[in-house]
1. Given an 8 Å cut-off on Cα distances and at least 6 residues of separation, report the relative contact order of the chain as a percent.
2. Per-residue ellipticity at 222 nm for the chain, helices alone: DSSP H runs ≥ 4 residues times -39500 (n - 2.57), over residue total, nearest 500 deg cm²/dmol?
3. Solvent-accessible area per residue for region 1-71 at a 1.4 Å probe radius, Å²?
4. Between THR76 and ALA141, what is the FRET efficiency for a Förster distance of 30 Å, r being their Cβ-Cβ separation, to the nearest 0.05?
5. Okay, which of region 119-155 sit inside 14 Å, backbone N to the point 7 Å along the Cα-Cβ direction of VAL85?
6. Roughly how many nanometres apart are two label points built 7 Å out from the Cα toward the Cβ at PHE158 and GLU98?
7. I'd like the carbon and sulfur percentage of the solvent accessible area for region 16-170, probe radius 1.4 Å, heavy atoms only, ligands and nucleic acids excluded.
8. What is the chain by shape, rounded, prolate or oblate, if you read a ≥ b ≥ c off the alpha carbon gyration tensor as root eigenvalues and call it rounded for a/c under 1.5, prolate for a/b larger than b/c, and oblate otherwise?
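The values are calculated or read from the model by the stated rules, or taken from the named source; none is laboratory data. Computed from a predicted structure; not experimentally measured. Don't worry about glycine lacking a Cβ; one is built from the backbone with ideal geometry, like all the others, and counts go over all protein chains shown. For the accessible areas, the whole protein counts, side chains as well, though only heavy atoms, and no ligand, DNA or RNA atoms are used. Shrake-Rupley method; radii C 1.70, N 1.55, O 1.52, S 1.80 Å.
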Amino acid sequence: LHESQSLLLEMQACRSRAFISFAAPLMRDAFGGSGPAWESDNLYRLYTRVAPGLIRVDADEVTYPAHIMLRYRLETAMVAGDLVVADLPGAWNDGMAELLGMTPPDDRDGCMQDIHWAAGAFGYFPTYTMGAMTAAQLYAAARKADGDIEAGLGRGDFAPLFRWLGANIH
C-alpha cells in the first residue's frame, strides 16, 4: 500500500490536467519557455504520452507494468536456478526486446538500473504494479468523493487530496 501513496502523486495527481494547468506557467517562467510547446495542453500531452522507454522510473502508466513483468520473470528464474547471474544481461535484453521492442545500450540502462538486485532485494517489484493499480483506484475514489480535489490541484493545492487520504487511508 505504501507504494500507492507515492505513485498516486507521481502518476495520478501530478499528471492530471488540472495540476499541469497550474504548473505550466511556473515551468514556462522557470525555464524561460514561450510559445505553444509551453502551453498546458501540450505539456499535458507530453506528461501522459505512452511510449516505450528503457528506464522503469521514467515509464508511462502503460509501459511501467511491462518493466515489472520483466523483472519478475527474471527474478523468479534466478531464484529457481533457471537463470544464472552471468546470463542476466542477455536475458534482460531479450526481455526488453520482446516486451517493449527495444534493447538497452549497456547494463547501466538495462539490468542494473535499479538498486534492488544489487542490494539483494528480491520479490519486491510486483508491489510497484500493485501500488500503481491501487493509486489509480484511490485517486478515482478521492475525486468522486470530493469535488475540490481536482480544483485544488488546479491551484497547486494538495490539501484536499491529503485530507481525503488522511481520513480514508492514513
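1. So the answer I get is 31 percent.
2. It comes out at -17500 deg cm²/dmol, rounded to the nearest 500.
3. Result: 53 Å² per residue.
4. 0.40
5. Inside the label zone: 119-122.
6. It works out to 3.8 nm between the two label points.
7. Roughly 58 percent of what the probe reaches on region 16-170 is carbon or sulfur.
8. oblate
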